[in-house]
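Chemist: Sharing a structure below in structure tokens format, with a few things to ask.
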Amino acid sequence: MLHATTPAHEKRAALRRRLAGEDLLLLPGAFNPLSARLIEERGFDGVYISGAVLSADLALPDIGLTTLSEVATRSGQIARVTELPALVDADTGFGEPMNVARTVQVLEDAGVAGLHIEDQVNPKRCGHLDGKQVVEEGTALRRIRAAVDARRDPGLLVVARTDVRAVDGLDAAVDRARALVDAGADAVFPEAMASLEEFETVASAVGVPVLANMTEFGKSELFTTAQLAAAGVRMVIYPVSLLRLAMGAAERGLDTLRSDGSLREEVAAMQTRARLYELLDYSAYAHFDADVYNFRL
């Protein structure tokens, strides 16, 4: 009901404890606060907040058009409703190292448990598209150092994402990952790996947790959790999956309405009113006013 009861610093500490263990942590992407609550109910380990999803939700391409304020607002909305730790995509940090520092503090205030900063140039693009460009290593390291120095809660997880694999190959990606860890990154996100062996190579080369991105229609095969765990991966995000499922269903429903003149054929596939109210914890609001929830469904 209303906000989650677990403070942000406890969510951060819990995420770090889990990463210190042996489990593979699964973080599906939430496209709104309600889907974050569903992710928690279904027993996942955390919630991911995707920059690509936030852009798409605003009907914008993922090329760096969203602002820090937009990302922080949506991150806060999602983080507040779930007891799970939330990891947010902070893109390139919205500018120079001083902008990265501000980004970290604003997102920290939004209640997230962690964030990742990448080494693409601006304007950036989706990590699984061709034609990416990355900044030189010095700039990438300054971004991570700024992020680490700016956090006030040492529990905030700073993840360094590198897109070098698609530009200069695996060896260059491994070298950059090591340098990013030396700069203070708590975890590494090697984007667009081509095989399990590549994930394993990165995981064995760095002494911090590795995050894998299992996005549909991307450069990486959709490996199973068992395969990724065996390759040494510690966190897996599914950034756009729920949005794609929801939008696919919405398209089919609109096609049915246009062709049939009614949505009767789609009702069986819809979330019921009772299920929605259950997910919203509607009945709990009778605590404030008995007339809020005094009906039967």
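Chemist: Looking at segment 239-297, which of its residues are surrounded by 11 or more Cβ atoms within 10 Å (Cβ to Cβ), in contact (Cβ under 8 Å) with a residue 24 or more places away in the chain and not in a loop (DSSP other than H, G, I, E, B)?
Modeler: Listed by number, the residues that qualify are S241, L242, L243, R244, A246, L279, L280, A284, Y285.
Chemist: Can you say whether V233 is part of a loop (DSSP other than H, G, I, E, B) and modelled with pLDDT of 95 or more, as far as the supplied structure shows? Even if it seems obvious, please write down each step before you answer.
Modeler: Working: part of a loop (DSSP other than H, G, I, E, B): yes; modelled with pLDDT of 95 or more: yes.
Criteria met by V233.
Chemist: Just to be sure, is L156 of a type in the set (A, V, I, L, M, F, W, C), under 18 Å from K11 (Cβ atoms), open to solvent by less than 60 Å² (accessible area, probe 1.4 Å) and in contact with a Phe, Trp or Tyr (Cβ under 8 Å, 6 or more places away or on another chain)? Don't jump to the end; show me each part of the working.
Modeler: Working: of a type in the set (A, V, I, L, M, F, W, C): yes; under 18 Å from K11 (Cβ atoms): yes; open to solvent by less than 60 Å² (accessible area, probe 1.4 Å): yes; in contact with a Phe, Trp or Tyr (Cβ under 8 Å, 6 or more places away or on another chain): no.
Spelling it out, it is not the case that L156 is of a type in the set (A, V, I, L, M, F, W, C), under 18 Å from K11 (Cβ atoms), open to solvent by less than 60 Å² (accessible area, probe 1.4 Å) and in contact with a Phe, Trp or Tyr (Cβ under 8 Å, 6 or more places away or on another chain).
Chemist: Which number in (1) more than 23 Å from N122 (Cα to Cα); (2) among the polar types (S, T, N, Q); (3) within 11 Å of the chain's Cα centre (by Cα) marks the one condition that S50 misses?
Modeler: (1)
Chemist: Just to check your reading of the model, which residue among F199, F223 is assigned to a helix (DSSP H, G or I) and either farther than 28 Å from L141 by Cα or open to solvent by less than 10 Å² (accessible area, probe 1.4 Å) (or both)?
Modeler: Numbers: F223 fails: assigned to a helix (DSSP H, G or I).
Being assigned to a helix (DSSP H, G or I) and either farther than 28 Å from L141 by Cα or open to solvent by less than 10 Å² (accessible area, probe 1.4 Å) (or both) holds for just one of F199, F223, which is F199.
Chemist: Take L87 and decide whether it is touching a Gly at 6+ places or on another chain (Cβ under 7 Å), open to solvent by less than 20 Å² (accessible area, probe 1.4 Å), within 30 Å of K132 (Cα to Cα) and not polar (S, T, N, Q).
Modeler: On the way: touching a Gly at 6+ places or on another chain (Cβ under 7 Å): yes; open to solvent by less than 20 Å² (accessible area, probe 1.4 Å): yes; within 30 Å of K132 (Cα to Cα): yes; not polar (S, T, N, Q): yes.
Yes, satisfied.
Chemist: Could you check segment 43-77 and list, in sequence order, the residues that are of a type in the set (S, T, Y), closer than 13 Å to P33 by Cβ and open to solvent by 70 Å² or more (accessible area, probe 1.4 Å)?
Modeler: Pass one, segment 43-77, residues of a type in the set (S, T, Y): 48, 50, 55, 66-67, 69, 73, 75.
Filter once more, so that each one left must be closer than 13 Å to P33 by Cβ: 73, 75.
Listed by number, the list holds a single entry, T73.
The values are calculated or read from the model by the stated rules, or taken from the named source; none is laboratory data. No experiment lies behind these values; they were computed from the predicted model shown. As a convention, Cβ positions derive from the backbone with ideal geometry for all residues, glycine included, and neighbour counts pool all protein chains shown. For the accessible areas, the whole protein counts, side chains as well, though only heavy atoms, and no ligand, DNA or RNA atoms are used. Shrake-Rupley method; radii C 1.70, N 1.55, O 1.52, S 1.80 Å.
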